C-alpha cells in the first residue's frame, strides 16, 4: 500500500510524514498508520487508546461485520517481530479490556469480535514500510 495516499484524519489525528524518532513518537506514528490503514479500507474507528480498569486497547474499529480490537506494536527491519514478545499477561489484559468494552455497550453485545496484533514495520530511516495483522488466540488464555 502506498503510504502517501491522501486520507482524512479522524478524532483529531494528524498526519505524520516525518521519520519516527524516539520510542513514543514511533508508537504514535505506528498507531496513526494502522488507523489510516483501517480507514482506507472502510472501517469505522470507534476509539483509540481506550482505557478501562481492566486494561487498554490501542484501536477499536468496526468493519466487515465485526468489531476489531487491535494492539499496535512496532519494530525495525532486522529485529524480531512483536508477536514473539507479546506476553500471556498482556494478551489477557487486552482480552479483559475488550470484554468490559463490549459489556458496557449493549449495541455491540451480539457483534462478532476479533482480537488482533498489528505489527508495524519501520525501515532504518524511520518510515513505515508494512503493516501485518495477526489474530490473537484467546481460547488458550484461560487454561
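Quick note: the coordinates plus some simple rules give every number you see, no bench work behind them. Because the structure is predicted, anything quoted here is derived from the model rather than measured. All Cβ positions, glycine included, derive from the backbone under ideal geometry; neighbour counts span all protein chains shown.
Here the extension length gained between residue 90 and residue 125 equals 9.7 nm, from 0.36 nm per residue of separation less the Cα-Cα distance. Distance between the modelled labels on residue 81 and residue 134, one decimal in nanometres: 0.6 nm (7 Å Cα→Cβ projection). Which of rounded, prolate, oblate describes the stretch 23-135, given a ≥ b ≥ c as roots of the alpha-carbon gyration tensor eigenvalues and a/c under 1.5 marking rounded, otherwise prolate only if a/b is larger than b/c? Prolate, since a/c reaches 1.5 and a/b exceeds b/c. Summed over all non-identical Cα pairs, the Kirkwood treatment of the stretch 75-135 gives a radius of 13.6 Å. The stretch 25-84 and the stretch 98-131 have their alpha-carbon centroids 4 Å apart. Each of residue 53 and residue 103 was given a label point 7 Å from its Cα along the Cα-to-Cβ line. The distance between the two points is 1.0 nm.
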